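First up is the structure itself, then whatever we jot down about it.
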Amino acid sequence: MTPITEVEGRRLALSNLEKVLYPASGFTKGELLHYYATVAEPLLAHLSGRPVSFLRFPDGPEGQRFFAKNVPPGTPSWVRTAEVPRSGGGVARQVLVEDLATLMWAANLVTEFHAPQWRVEAPGVADRIVFDLDPGAPADVVQCCEVAVWLRERLARDGLRAYPKTSGSKGLHLLVPVVPTASERVSAYAKGVAREAEAGLPGLVVHRMARSLRGGKVFVDHSQNSAAKTTAVAYTVRARGEPTVSAPVAWGEVEGCSVAGELRFLVGDVVGRVERDGDLLGSMFEGGVAGEL
């Protein structure tokens with residue numbers, strides 16, 4: 001029998017809570033839902049106002065995975081949705097996750113949360129830049145940290161402030177708040193900075209996607225600034241071998257990272273970090289931090 005719970009006045013059917021999603025650690029779906037409920041406040045701040053895409057993995061990371069932007073079948077009528085333009089023309093409808101009840105409903109689908117760099121009231125007008133630093137073996141997150149510090153200083157020369165988080169996989173993400181700007185212009189700027197990074201760190205950085213170029217280097221992926229692309233949201237659990245999280249980190253941690261494991265955070269680690277430090281990306285939401293291109 002599927003247990004029914006009430007969240008903020010909404011009745012939710014939470015299914016298969018004992019199901020093991022991550023066999024290596026025995027981490028269950030119930031533990032996943034508990035994590036999302038625990039970090040709901042900062043996670044909702046990062047989801048607010050952005051149409052959400054779901055990377056679902058209902059049978060765990062080793063099972064079937066599928067990416068969905070459209071409103072899932074069976075979505076309750078009380079879940080808020082919005083029309084958003086499609087890159088090929090026309091419009092579609094996507095979910096907005098802006099309250100605890102919607103978050104828990106979505107988490108019950110077993111999903112990574114992804115969002116674009118723009119908000120639903122202004123599609124294709126970005127309010128942040130994202131750089132996805134992806135290491136090619138044998139490079140790892142230690143080299144990503146070196147590149148991140150270089151990018152921080154380069155962006156600062158343009159009056160831009162960068163905020164780091166782990167990708168929850170092998171690398172780092174840098175989020176850079178900007179005054180709302182057309183995604184095309186943001187994409188061009190980000191590509192230019194990525195090229196500068198390759199020129200400034202030629203033995204370490206590549207700005208092109210070809211895997212043949214990436215061995216031992218850090219790919220500075222600027223492509224997620226396209227209006228059609230999305231990025232894993234801060235605090236989402238990733239569909240990897242263990243329940244790793246895309247976790248906000250302090251610049252001091254980035255600067256001091258000497259071993260890849262220092263910036264690898266599981267669900268339990270992130271709960272403790274939030275309890276101790278709050279949201280390390282929280283100042284992104286304060287006035288005066290967004291720069292102009």
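The values are calculated or read from the model by the stated rules, or taken from the named source; none is laboratory data. A quick note: this is a predicted structure, and the numbers were derived from the prediction, not measured. Glycine gets a Cβ as well: all are built from the backbone with ideal geometry, and neighbour counts include every protein chain shown. Side chains included, ligands, DNA and RNA excluded: accessible areas come from the protein's heavy atoms. Shrake-Rupley method; radii C 1.70, N 1.55, O 1.52, S 1.80 Å.
Solvent-accessible area per residue for the chain at a 1.4 Å probe radius, Å²? Walk me through the intermediate numbers first.
Numbers: 12660 Å² over 293 residues.
That works out to 43 Å² for each residue.
Counting only lysines at least 8 places from K29 when in the same chain, those with an alpha carbon closer than 19 Å to its own are K19. So what is the calculated 222 nm ellipticity per residue for the chain, using -39500 (n - 2.57) for each DSSP H run with n of 4 or more, over all residues, to the nearest 500 deg cm²/dmol? One gets -8000 deg cm²/dmol as the mean residue ellipticity at 222 nm. Exposed loop sites are taken as GluC sites (Glu not before Pro) in a DSSP loop (any state but H, G, I, E or B) with at most 13 other beta carbon atoms within 10 Å; the longest stretch of the chain without one runs 122-285. Only lysines eight or more places from K170 in sequence, or on another chain, were considered; those with a Cα closer than 18 Å are K217.
Surface composition of the chain: carbon and sulfur atoms hold 51% of the protein heavy-atom accessible area at a 1.4 Å probe.
For the stretch 269-283, backbone phi angles converted through the Karplus equation (6.51, -1.76, 1.60; θ = phi - 60°) give residue-by-residue couplings of 4, 5, 4, x, 5, 5, 4, 7, 10, x, 8, 5, 9, x, 5 Hz, Gly and Pro being listed as x. What residues qualify as long-range amide H neighbours of R128, i.e. H under 5 Å apart, gap of 5 or more or another chain, H built at 1.01 Å from N? Sorted by chain and number, the residues that satisfy this are V178. Sort the stretch 105-158 into rounded, prolate or oblate with this rule: let a ≥ b ≥ c be the square roots of the eigenvalues of the Cα gyration tensor; rounded if a/c is under 1.5, and if a/c is not under 1.5, prolate when a/b is larger than b/c, oblate otherwise. Oblate. Maximal additional length on extending the R93-S25 stretch stands at 20.8 nm, based on 0.36 nm per residue less the C-alpha distance. Here the 3J(HN,Hα) profile of the stretch 66-80, calculated from phi with Karplus coefficients 6.51, -1.76 and 1.60 at θ = phi - 60°, is 8, 9, 9, 9, 5, 4, x, x, x, 4, x, 5, 7, 6, 6 Hz, Gly and Pro shown as x. Shape class of the stretch 105-194 from the alpha-carbon gyration tensor: oblate, with a/c at 1.5 or above and b/c at least as large as a/b. Which angle between 0 and 90 degrees, to the nearest 10, do you get for helix 183-200 versus the longest principal axis of the chain when only C-alpha atoms count? Roughly 50 degrees between the two axes. Result for the chain in a Gaussian network model with C-alpha springs under 10 Å: among D134, D277, D99, the largest mean-square fluctuation is at D277.
Starting from the Cα gyration tensor of the stretch 154-266, take the square roots of the eigenvalues, sort them a ≥ b ≥ c, and report rounded, prolate or oblate (rounded when a/c is under 1.5, otherwise prolate if a/b is larger than b/c, else oblate).
Rounded is the answer for the stretch 154-266, as its axis ratio a/c remains below 1.5.
Once backbone amide H atoms are built at 1.01 Å from N, K19 has K29, G30 as its partners under 5 Å, excluding neighbours fewer than 5 places away on the same chain. Once you reduce the stretch 39-80 and the stretch 277-293 to the center of their Cα atoms, the two points are 24 Å from each other. When the chain is treated as a Gaussian network with alpha carbon springs shorter than 10 Å, the biggest mean-square fluctuation among A101, A247, A137 belongs to A137.
What full-extension length gain, to one decimal in nm, is calculated for D277 and A122 as 0.36 nm per residue of separation minus the Cα-Cα distance?
Details: separation 155, 0.36 × 155 = 55.80 nm, distance 3.18 nm.
Working it through step by step, the gained length comes to 52.6 nm.
A straight Cα-to-Cα reach below 18 Å connects K69 with the lysines K229, residues fewer than 8 places away in its own chain not being considered.
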